[in-house]
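Written out below as structure tokens is the structure these notes cover.
The values are calculated or read from the model by the stated rules, or taken from the named source; none is laboratory data. Quantities reported herein were computed from a predicted structural model and do not represent experimental measurements. Backbone-built Cβ (ideal geometry, glycine too); neighbour counts: all protein chains shown. Side chains are part of the model used for accessible areas, which takes the heavy atoms of the whole protein and leaves out ligands, DNA and RNA. Shrake-Rupley method; radii C 1.70, N 1.55, O 1.52, S 1.80 Å.
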Amino acid sequence: MNLTHIEHLGIAVKSLETAIPYYEEVLGLKCYAVEEVAEQKVKTAFFKIGQTKIELLESTDPEGPVGKFIEKKGEGIHHIAFAVDGLQNALDTVAERGVTLIDKSPRKGAEGLNIGFLHPKSTFGVLTELCEDPNK
Ligand code: CMX
């Protein structure tokens, strides 16, 4: 399996509107995109730092994955996403090694990436996303 870098860190926030100024005005990063991912019941805001992005996640539905996460754990780091060459192959490989997949095959995520999630109960408590840029 070929992980190339940390593609992004997903951070759950109650409100993009109140969190974005911290990243822009305090940390000096620039929000370059805001995108709703209806299927995931989230609104996202993206920042870039080196090769890695920060993805802020605001829930659009209390029953969605981020809504439930905030209700249970509060705001904070929600997931880590690794860029990989060959996503389907990577999902098959981790499954063969005993990791529980949330997605058995790739689906579309924010920014047009193909993504697949691994269940945090089999990745030592860290919700893990593998993603691949189909245009690369
Ligand atoms: N990180 C670590 N643990 C998490 C977690 C997270 N982000 N979300 C849930 N869990 C834990 C719960 O605390 C719970 O642990 P306990 O059993 O010890 O209490 C366990 O996982 C199961 O949680 P649950 O509440 O029973 O199950 P959920 O219905 O909340 O589902 C999960 C959890 C991970 C399967 C679901 O959130 C999921 O499918 N996530 C993938 C999709 C996603 O997160 N989308 C949002 C981001 C989209 C984007 O980046 O664009």
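The fraction of Cα-Cα pairs per 5 angstrom bin, counted from 0 for region 36-135, comes to 2, 12, 21, 26, 21, 13, 4, 0 percent, rounded to whole percents.
Where only DSSP H runs of four or more residues are counted, the chain gives -5000 deg cm²/dmol as its mean residue ellipticity at 222 nm, each run worth -39500 (n - 2.57). Across region 43-136, C-alpha contacts under 8 Å between residues 6 or more apart give a mean separation that, scaled by the residue count, equals a relative contact order of 22 percent. Of all aspartates and glutamates in the structure, the ones whose alpha carbon falls short of 12 Å from that of Lys72, not counting any fewer than 8 places away in one chain, are Glu63. Go through Lys14/Lys136; Lys41/Lys73; Lys14/Lys41 and tell me which ones have a Cα-Cα distance over 25 Å in this structure. The pairs that break the limit, which is 25 Å between Cα atoms, are Lys14/Lys136. Using heavy atoms of the protein chains and a probe of 1.4 Å, the accessible area assigned to Ser122 is about 30 Å².
Here is the size of region 1-62 from its Cα atoms: Rg then Dmax, 12.3, 39 Å. Using Cβ point charges alone (K and R +1, D and E -1), the dipole size of the chain about the Cα centre works out to roughly 300 debye.
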